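Single-structure report; data block below.
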Amino acid sequence: MSNGSPGAPVVHGFPHLDTVRSAITALYRRLSPDGVHSYGTSLVPADAAFSDADDLHLGAQRVARALVQHLHLPDARMIVGFRTMEHAASVELTAGPEYFIELNDRFRTHRRDIGAALAHEITHVLLHRLGLEFPGTRDNEILTDTVTAYLGAGWLLLDAFREDATSRQKLGYLTPEEFGYVLAKRALAFDEDPSPWFTSPQAYTAYTKGRAQALHDLRRPPLTAAGWAGRRRYAKDRRYAQDHPGTDPGTGADPAVPYTFEPGGEGLRVSFPCPTCHQRIRLPVRGRTVARCGLCRTRLECDT
Ligand SMILES: [Zn+2]
Ligand SMILES: [Zn+2]
């Protein structure tokens with residue numbers, strides 16, 4: 001896991017949003033909606049709590065066991081060690097059932113973030129066992145952070161983000177706002193509120209920014225909850241598509257526009273991402289309708 005280069009400025013905003021959304025889709029496809037919803041409660045703060053009075057190795061093993069249980073890996077055993085290394089942590093992905101996790105030596109004196117580092121590494125083990133991976137290190141790490149957050153252990157990673165006058169720390173590949181986004185997507189899908197768990201003020205701020213982005217996903221056309229400006233643009237693009245069948249009005253190139261029109265068997269169809277799992281949904285263009293996402297089964301009120 002990346003350390004986020006201590007001392008370097010922390011990247012903010014949503015530069016990895018496309019990959020994050022693909023990761024959520026891939027997770028629903030691999031686990032099924034029932035599988036995803038079997039992770040209905042997040043890891044509780046007490047399970048990852050680690051005080052300086054705790055024995056270093058026994059404490060790390062205890063937190064690792066809690067994460068193994070949380071991530072539904074009952075027969076996996078994590079052996080946690082510490083050494084001098086460039087990265088924050090790493091895990092050896094083998095057939096198991098024993099897995100060796102190495103944590104950066106600095107965690108000996110930063111124990112409260114051991115849970116965050118272990119959450120990411122143990123999610124690597126889960127994804128390895130599921131056979132779920134993205135090509136390339138960068139995308140695969142984004143997948144790992146996204147799944148850690150979506151399955152209820154990733155609030156620890158966001159909470160490890162702290163800045164004060166003299167120091168700065170951030171773990172993982174997602175920006176703080178992107179962690180906030182995935183946590184808010186989870187919160188919306190599971191009817192959960194992670195905000196009381198944050199101990200870092202910067203983490204809480206990032207969560208609120210990510211949550212605003214997640215709420216925006218619910219208000220994009222053709223969903224009926226879309227705002228006036230979005231609906232107006234949608235009507236204009238639809239008119240163009242009806243008048244120029246088979247040509248792209250340019251919506252495909254504009255990242256702010258989530259939908260595209262395409263010719264269907266019986267007239268125009270609109271294709272847009274599900275606001276929950278981001279799988280693309282295709283509907284005939286014919287006014288108000290209620291659809292259900294074929295992947296995550298979210299009920300969607302639309303005006304196509
Ligand atoms: Zn990693
Ligand atoms: Zn869906």
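The values are calculated or read from the model by the stated rules, or taken from the named source; none is laboratory data. Keep in mind that this is a model prediction, so the values were computed, not measured. When we count neighbours, we look across all protein chains shown, and the Cβ atoms used for this are built from the backbone with ideal geometry, even at glycine. Areas reflect the complete protein model, heavy atoms only, side chains present, ligands, DNA and RNA absent. Shrake-Rupley method; radii C 1.70, N 1.55, O 1.52, S 1.80 Å.
Filtering the range 186-199 for residues that are in contact with a His (Cβ under 7 Å, 6 or more places away or on another chain), open to solvent by less than 10 Å² (accessible area, probe 1.4 Å) and at pLDDT 95 or above leaves an empty set.
Looking at the range 64-85, can you tell me whether even one residue there is surrounded by fewer than 21 Cβ atoms within 10 Å (Cβ to Cβ), within 20 Å of TYR173 (Cα to Cα) and in the same structural domain as ALA49 (by TED's automatic domain parsing)? Scanning the range 64-85, I find at least one residue that is surrounded by fewer than 21 Cβ atoms within 10 Å (Cβ to Cβ), within 20 Å of TYR173 (Cα to Cα) and in the same structural domain as ALA49 (by TED's automatic domain parsing), so the answer is yes. All told, VAL20 falls short of being modelled with pLDDT under 95 and either surrounded by fewer than 17 Cβ atoms within 10 Å (Cβ to Cβ) or in a helix (DSSP H, G or I) (or both).
Do we find that ARG220 is in a helix (DSSP H, G or I) and either at pLDDT 95 or above or open to solvent by 10 Å² or more (accessible area, probe 1.4 Å) (or both) in this structure? The answer is no for ARG220.
Evaluating ALA89 against the criteria (1) within 16 Å of ligand 1 (Cβ to nearest atom); (2) surrounded by fewer than 20 Cβ atoms within 10 Å (Cβ to Cβ) leaves one unmet condition, (2). One residue stands out among those in the range 96-148 that are assigned to a strand (DSSP E or B) and open to solvent by 30 Å² or more (accessible area, probe 1.4 Å): the one that is nearest to MET1 (Cα to Cα), which is GLU102. Residues in the range 59-115 that are free of Cβ contacts under 8 Å to residues at least 60 places away in the same chain and of a type in the set (Val, Ile, Thr): VAL63, VAL68, ILE79, VAL80, THR84, VAL91, THR94, ILE101, THR109. Screening the candidates SER51, SER42 for the property of being away from ligand 1 (no atom under 16 Å from the Cβ), under 20 Å from the mean Cα position of the chain (by Cα) and assigned to a loop (DSSP other than H, G, I, E, B) yields one hit, SER42.
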